[in-house]
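The values are calculated or read from the model by the stated rules, or taken from the named source; none is laboratory data. Predicted, not measured: the structure shown is a model, and the values here were computed from it. Virtual Cβ from ideal backbone geometry, glycine too; neighbours counted across all protein chains shown. These area figures cover heavy atoms from the full protein model, side chains too; ligands, DNA and RNA do not enter into them. Shrake-Rupley method; radii C 1.70, N 1.55, O 1.52, S 1.80 Å.
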Amino acid sequence: MKNNIYACLEIGCAEVRLMVCNIRQERLYVLSQQSIVTAGIENGTVVNVNQIVEKLKRLKANVEADLKQDIQNVVLAIPSVECRIDNVVKSLELDSNQPISHANIKQLFRDIITQPTYHDQVAINVMPRAFVVDDKNTIQNPLGIIGKELVLHAQKITASASVVYNLINIAELAGFRIADIVLGSITEMMYVLTPEQLKKGACHVNIGKGMTTITVVHSGKIVSSVSLSTGGQDVTKHISENLKIDEPLAEMLKLNFGKVCSESSSTEIIYADEVEGQFTCITRQMLSDSLTIKYENILKLVKQYLMENCYKYDQMDYIFTGGASEIEGLNTLAKKIFHQEVTICTPMMLGARSAKYVKLIGMATFIHEISLLTGQKSNIIDFSKYENVLVHAIDSREELEVVEETPKIKEQQERTFMDHKLENSGVLVRIFDMIFDEKVE
């Protein structure tokens, strides 16, 4: 598979984010990423269609201007609102004279997706756990193996039909075409956890602006994924009320000076103002104390959820993502509450180095891995629009009278978009290609 390009859309409570990336040779390159402040969304639910559609249209226009190309379709993230995770097993009779193909695996996925769901649920994803050939060989990828029966052990993920259809509707009203939908928390969790953590047991926590999503996995199975109605916005409100300042100022101080679990009593003044004869003075320690109290409350809610559902919170790893998790000192505070080290996962690729983009990267990675199983190819870029650039360059060479469409020419045509996109990760692609002499297969 050559040009695996994915556009991933997340309609969050704080921001609407759109990332376009290319996965080549197991490496992900960000071609464009943009975000815009959300309006009309509360706790993952659409409350004002016109407001959010206008935001989505603006975001789409921004990314298309950056790419200088229309976006043909997107993968849409669904929030963990009233979602269900069911363990399923499905079998398929095989032609013993033919190796297992992409079509066989696709048929298994289709059979699971079309199984009946609860009346208010709609199927979103199938998470494969293992394939079994002829009741004896348990493998992760059965392609090319010969057998009589193929069995898929998987987890079927469903979500509230009203939530799913409303998000699809507003995305389509904004001009997007939906290529696929995924439960964002699950794909993000699968990206950040190691195979050892998936087996041992882990808790992935995404602290966003309006929601904190908790996803628990054990023995390779997704146990639960739930969203709590608390997040970074509650922290900002607490600072505003506690220090008697407005919320925009509280947010600015949190982002620029915020730190939790500050052990030194810092009297350094970070803000001072006098309004109508009333003087306001805020020190680093005052801000840190306010932040620590609220973040501690959020983490204790996570721990309470784990305890109430009988999860062994003291025997699992903890991985945090989400924009609100990048506050300095959060890992120290979380260690005190969960009694072990925690990890704040931050992507390192050019163009996406914030924890708030982990979900979009996880979405692209998940869809890519599923496409490898089912033999599908994903492109959101029309490469034919760039072929004229190459043909013009060839025709301008006086010494070249006849041009044959050699494999090298084909490769150049398919990589023309990379040549066009110099200002972001196209530069990084070139560097990697020179270092590793990478060839497009």
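Before moving on, here are some points about what is shown:
- Being more than 23 Å from the chain's Cα centre (by Cα) and acidic (Asp, Glu) is a property that Glu326 lacks.
- The residue that is surrounded by the most Cβ atoms within 10 Å (Cβ to Cβ), among those in region 39-52 that are at pLDDT below 90 and not aliphatic (A, V, I, L, M), is Gly44.
- Where Tyr271 falls short, out of the listed (1) within 29 Å of the chain's Cα centre (by Cα); (2) surrounded by 13 or more Cβ atoms within 10 Å (Cβ to Cβ): (1)
- Set side by side, the residues Ile222, Ile245 differ, and just one is of a type in the set (Val, Ile, Thr) and outside any strand (DSSP E or B), which is Ile245.
- Taking the criterion of being assigned to a helix (DSSP H, G or I) and either open to solvent by less than 10 Å² (accessible area, probe 1.4 Å) or within 27 Å of Ala7 (Cα to Cα) (or both), the residues of region 225-236 that qualify are Gly232, Val235, Thr236.
- If only residues of region 75-104 that are of a type in the set (Val, Ile, Thr) and over 30 Å from Met211 (Cα atoms) are counted, the one that is most open to solvent (accessible area, probe 1.4 Å) is Val89.
- Of the numbered criteria (1) open to solvent by less than 10 Å² (accessible area, probe 1.4 Å); (2) assigned to a helix (DSSP H, G or I), the one Met190 fails is (1).
- Residues of region 190-204 that are among the β-branched types (Val, Ile, Thr) and in contact (Cβ under 8 Å) with a residue 12 or more places away in the chain: Val192 alone.
- Every test in (1) touching a residue at least 60 places away in the same chain (Cβ under 8 Å); (2) open to solvent by less than 40 Å² (accessible area, probe 1.4 Å); (3) more than 23 Å from the chain's Cα centre (by Cα) is passed by Leu360 save one, and that test is (3).
- Test: residue in region 280-296 that is of a type outside the set (Phe, Trp, Tyr) and under 26 Å from the mean Cα position of the chain (by Cα): yes
- Scanning region 162-171 for residues that are over 21 Å from Val88 (Cβ atoms) and either touching a strand residue (DSSP E or B) at 6+ places or on another chain (Cβ under 7 Å) or open to solvent by less than 10 Å² (accessible area, probe 1.4 Å) (or both) yields Val163, Asn166, Leu167, Ile168, Ile170, Ala171.
- Test for Ser91: is it out of contact with any strand residue (DSSP E or B) (no Cβ under 8 Å at 6 or more places or on another chain) and under 30 Å from Gly147 (Cα atoms): no
- In region 122-129, the condition of being surrounded by 13 or more Cβ atoms within 10 Å (Cβ to Cβ), of a type outside the set (Ser, Thr, Tyr) and over 23 Å from Ile370 (Cα atoms) is met by no residue.
- Test: residue in region 5-24 that is open to solvent by 60 Å² or more (accessible area, probe 1.4 Å) and touching a residue at least 12 places away in the same chain (Cβ under 8 Å): no
- Identity of the residue in region 296-314, in contact with a helix residue (DSSP H, G or I) (Cβ under 9 Å, 6 or more places away or on another chain) and assigned to a loop (DSSP other than H, G, I, E, B), that ends up most open to solvent (accessible area, probe 1.4 Å): Lys312
- Sole exception among (1) in contact with an Asp or Glu (Cβ under 7 Å, 6 or more places away or on another chain); (2) over 30 Å from Tyr357 (Cβ atoms); (3) surrounded by 14 or more Cβ atoms within 10 Å (Cβ to Cβ) for Gln107, by number: (1)
- Subset tally (residues that are surrounded by 15 or more Cβ atoms within 10 Å (Cβ to Cβ), small (Gly, Ala, Ser) and closer than 17 Å to Ser101 by Cα) for region 133-161: 1
- Meets criteria (modelled with pLDDT under 90, more than 30 Å from Arg129 (Cα to Cα) and open to solvent by 40 Å² or more (accessible area, probe 1.4 Å)) for Gln72: yes
- From Leu390, Leu350, Leu400, Leu373, residue being in contact with a helix residue (DSSP H, G or I) (Cβ under 6 Å, 6 or more places away or on another chain), farther than 30 Å from Thr213 by Cα and either modelled with pLDDT of 50 or more or of a type in the set (A, V, I, L, M) (or both): Leu390
- Restricting the first member to region 266-292 and to residues that are under 12 Å from Lys244 (Cβ atoms), and the second to residues that are of a type in the set (S, T, N, Q), the beta-carbon pairs closer than 6 Å and six or more apart or on different chains are Asp273/Thr280; Ser290/Asn242.
- Looking only at region 274-295, and only at residues there that are part of a helix (DSSP H, G or I), among the aliphatic types (A, V, I, L, M) and open to solvent by 50 Å² or more (accessible area, probe 1.4 Å), the one that is modelled with the lowest pLDDT: Met286
- Test: residue in region 206-216 that is over 19 Å from Ile344 (Cα atoms) and open to solvent by 60 Å² or more (accessible area, probe 1.4 Å): no
- Residues (in contact with a Lys or Arg (Cβ under 8 Å, 6 or more places away or on another chain) and assigned to a helix (DSSP H, G or I)) located in region 174-187: Gly184, Ser185, Thr187
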